[in-house]
Amino acid sequence: MKSPSLSIFFCIALVIIDSSFGFWISDERVRGPDSAASLGRGYAMTANSFLSQCLEVNTTSSPSFDYYYEFSFISPSDTNTMLESTLAQYSDSFSYGKVKNIVKSTIDGREKNGNVQNTQNNKKKKYHILGNMKINRYYSSILESTARMSGKALTLLDKGDYVGFFKTCGTTYIRSIRRFQEVAVVFTFTTCSETLANQYYSCVERSSFGGVDDLCQSGDGDGENKKNLDDTDCTDTFDDIKRTLSIKIEAFGLGLTNNNGTLVVASLNEFNDVMKTAYTAMTRREYKSEEHAGKVHSMEVIHWTNNLSFQIASKMGSKPILRFAPLDQIPRARNGRCQQGGVEDDFGYCCSAEEQIDLADDEEEERGVGITEVDGSDGAGPGKYFEFNLTEWDSYFGSSGCSGNFEIKQCRSGSGERWVGEVIIWIAHDVCYGRRNEGQAEGQWNIGDAIVKKSADCVTKECDKKKCLLCQPTRPIPTSIMKHNAEVNGEFLAMMDLMSKSNDYDLSRVTKCVKKLKTQINADSSSNYRYLTPISGGIQQKVAIKELLMILDPTGDDGLTTLARYETSEYKSMFADRCYSALYTGEDHDLSDGATIEDSQFFFANPYHEHEECSYSSCTYAGARWDRDNPKGGCVRGILKNGPKYTNSPVAAKDSSCVKIFNRKTRERKCKYAQEDLVELQHKVKTCWESNSVVKDNPNFRLDPVGLVEAFCLGDIDESSRDIASQQSRIRIDQMARSCTGYHELCDDSIENSTRCPDDYFCYDGTALLGKKTCEPANTKEIGESCLEHRSCKRHESKTYCVYKDNLGYEACMERKKNGDEC
């Protein structure tokens, strides 16, 4: 069966394989101004994150540099091949984007004007002269013989806190950096003469190497050299070119300098001085900090596992980790005989007598708990319930008091695994009973069936001797494999840490935005109907402050962020915490029981994807929440990343997979976050969202709370909310509010100009409890206004009902109605 995390493992593994002895990154991940690469700094490749400086760099190798200074001329008469060749010269340049736009505009302009009649005005064409000076500085690398790890990083490794180390220092560190410095100049002018344009290009090129000759001057003397002589219809001169001339300069990665030069050019005479200033700024080092001047173009990263200091401090390989040898590596007996003095086991394998284990010793453990009787006492046929020995159960599962829910595997003699899921056990008349927690039916259990832990294997071959010997020789895990596992696990941890921080950050941003909106409304009640202009994202329409608030806080009491906090907490408990624990101490059936190693060394024993707790690829995306509905485990998108378009499925239909707590009063294990509370909260959120015009008017755009915050709430709300909604828009917004429990309109006939409830609502008098009258859905009136006094109305399958104070679910409520009780 394919591992659910196989695709992610391949992605991480490919990165690891390529970077075993250094991996060069040469793209926008390191070239952006927000990427602060420095020698010795930690870096996580999968998460693309720069982390702490955990390697103290004392000395570096002396860098070398290559120098380039060249000019190019772009003419409307150039063929597409010539233009593409010019563009290719700038493929490794920071000014590539600007040159690409010039080439594109030249091609587009030629195609647009290709059939235009040749009049004097149309003969004017645009020309470009490109000047580019570059320095490529490389061989700036750490001398690792003199570098040492920081004291705090060594402390983490000494304690065996590999999770903390990789989260702080990354999975790799930067060993070498290649830097580029560049000055790009673009001369743009128009003329009707191709010959004159080429002459001017020659002047510009010569001026950059030491001044301008007489040909390039434009004085009052003989003008033959400055005029166009090849076209009697064109009378342009250099003076005409200069009147249309624009000069743009871009500089990248320059160092500071105290000389009096300038990078501003106004004429050809000044151009040479500008380029001299640029060269000085590229090469002169007046401050120690300028030793690393230049824009990062690429960097070499190397895994910590290839660093000698890390290998020593992590104690990797200092104590052997023994793993049971795979069966295909254990020699088989031939004709009933073993070679080289081996002893044949009961399954045809050969090994020494010391390497054989007796399966009969642990067969009782593997068999688990036996079913002693099946029952159908409620009138159903046998096999719906099972009976068992409590002492045997507690010995295998731990003390239970014959009560609780357990994840188990059902085994049947001769056929192996029968069923995997959750059972519930209880005691009645001094007999322990059990059944499936869901979907129980007759014929599910047979006498002689065995119940084992979910992670255990069913015994399919009984030992028919007093002994049942099996060869299980051990082999130490090679250090190279341990290094690979550390690299893969480290990348996985870095990715998980990024996802966790992203989830916390999203929750924080939504919470702050809600607070900001409410503060604005409290300061100025008219702000409800002021429009916010989007500052980012794909939303094209404006949104009123009240509209946005009803999406980010549909219940009016921070219900959305409360639900998101529940999801984040359960995600961390059910996935992240279990995965981190498994990397250190997770049960591993391949490791030898006789291996005496520290728990932290288990981190090197297996890659993360071999631990079931870490194998859910669906949980490795930002905004994920634990999926209660899936008995096999996994995640789905959470409420903050889902948005209105993806809320058709319930938060969770079952409590089979959730964070459990023990209720000391009822002596029961239950979900920390009650199922009915989550479903009710999501229903309120969904009902409010479905009535919102922002959702209705953007059917093809995924509107999630995080996206809305990014679009409307990152700037100054007071500054971005200038327009006021019309009276018709206000009425529309107020109608939407009727579907949001936190924004129910007030209604009171005794109050002048009071809002009248719409036809499908009634005015509920909640003065005694709430101090106000509100418009409520009409169908809640059918079940009695006393329900509204306790604010306990709930919906199930389009029906509204009132629950008891003990918070009974819908089904239990209906059962009471059958018995004549009022619900």
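Bear in mind that the values in this text are calculations on the coordinates, not laboratory data. Small disclaimer: the values here were computed from a predicted structure and weren't measured. Here the Cβ is made from the backbone with ideal geometry for all residues, glycine too, and neighbour counts use every protein chain on show.
The table below lists the values:
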item	result
Cα pair distances in the stretch 129-205, grouped into 5 Å bins until the bin that holds the longest one, percent each	3, 10, 13, 11, 9, 8, 7, 6, 6, 6, 6, 6, 5, 3, 1, 0
For the stretch 317-323, Karplus couplings with θ = phi - 60° (6.51, -1.76, 1.60), whole Hz, Gly/Pro x	x, 5, 10, x, 9, 8, 10
Residues with amide H under 5 Å from that of GLY255, placed H, sequence gap 5 or more	MET282
Rule-of-thumb Rg ratio for the stretch 303-349 [Cα; 2.2 N^0.38 Å; N residues]	1.97
Peptides 514-525, 89-100, 166-177 ordered by average Cβ neighbours within 10 Å, highest first	166-177, 89-100, 514-525
Nitroxide proxy distance, nm - points 7 Å out along Cα→Cβ at TYR505 and ASP629	3.0
